[in-house]
Amino acid sequence: MALVRKEVARYKKPLQELAVEYKKTAEKRPWTAEADRFILCSAAALGYGKWKEMRSLVHQSWPFQLDWFFLSRTPLELKVRFKSLVRILERQEREREGRVARPPQKKVPYGGYVRGPYHITKVKSSDNTTRVKSGDAAVP
């Protein structure tokens, strides 16, 4: 929530000026930029978890009186959209600071895991036996 409040506070008129940078693949999305800005600003004003109150604000605001998609959203759908907007804002913040995203974790077959600099791996093989593998040597 601190990131959302900080982002909203950066603008004089956040409902008109707040910039959310979407991915290029998000061009065919049903959510409008105005609706996204409204969700972020009302969450900053109301606080996290006030989804029913946010929904009543949507119904009371005149810019959305003809936006049937936004008017028909449930509180749970508003929450899900808010969480995805927070992820977008986090990505924007990382790019603004010059940090790169964390590299994805290495996946091991059959649900194992990788730890530490020595590559200690727990691997569940196809015959449902678990073994620990360290480097090139396998330990039963």
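The values are calculated or read from the model by the stated rules, or taken from the named source; none is laboratory data. Just so it is clear, the structure is predicted and the values come from calculations on it, not from any experiment. Counting neighbours? That spans all protein chains shown, and the Cβs are built from the backbone with ideal geometry, glycine included. Ligands, DNA and RNA are stripped out before the accessible areas are found, and what is left, the full protein with its side chains, is counted by its heavy atoms. Shrake-Rupley method; radii C 1.70, N 1.55, O 1.52, S 1.80 Å.
Using the heavy atoms of the protein chains and a 1.4 angstrom probe, tell me the accessible area per residue for region 1-105 in square angstrom. Numbers along the way, then the final one.
Numbers: 7270 Å² over 105 residues.
Accessible area per residue, region 1-105: 69 Å².
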Seminar exercise, completed: Between the modelled labels at Arg5 and Ala33 (7 Å from Cα along Cα→Cβ) the distance in nm is 2.7
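Too long at a 20 Å Cα-Cα cut-off: which of Lys13/Lys50; Lys6/Lys83; Lys12/Lys79; Lys6/Lys28; Lys23/Lys52; Lys50/Lys79?
Exceeds cut-off: Lys13/Lys50; Lys12/Lys79; Lys6/Lys28; Lys23/Lys52.
Which order do the peptides 32-40, 90-98, 56-64 come out in when sorted by mean C-beta neighbours inside 10 angstrom, highest first?
Working: 32-40: 19.3, 90-98: 11.0, 56-64: 13.6.
Peptide ranking by packing, descending: 32-40, 56-64, 90-98.
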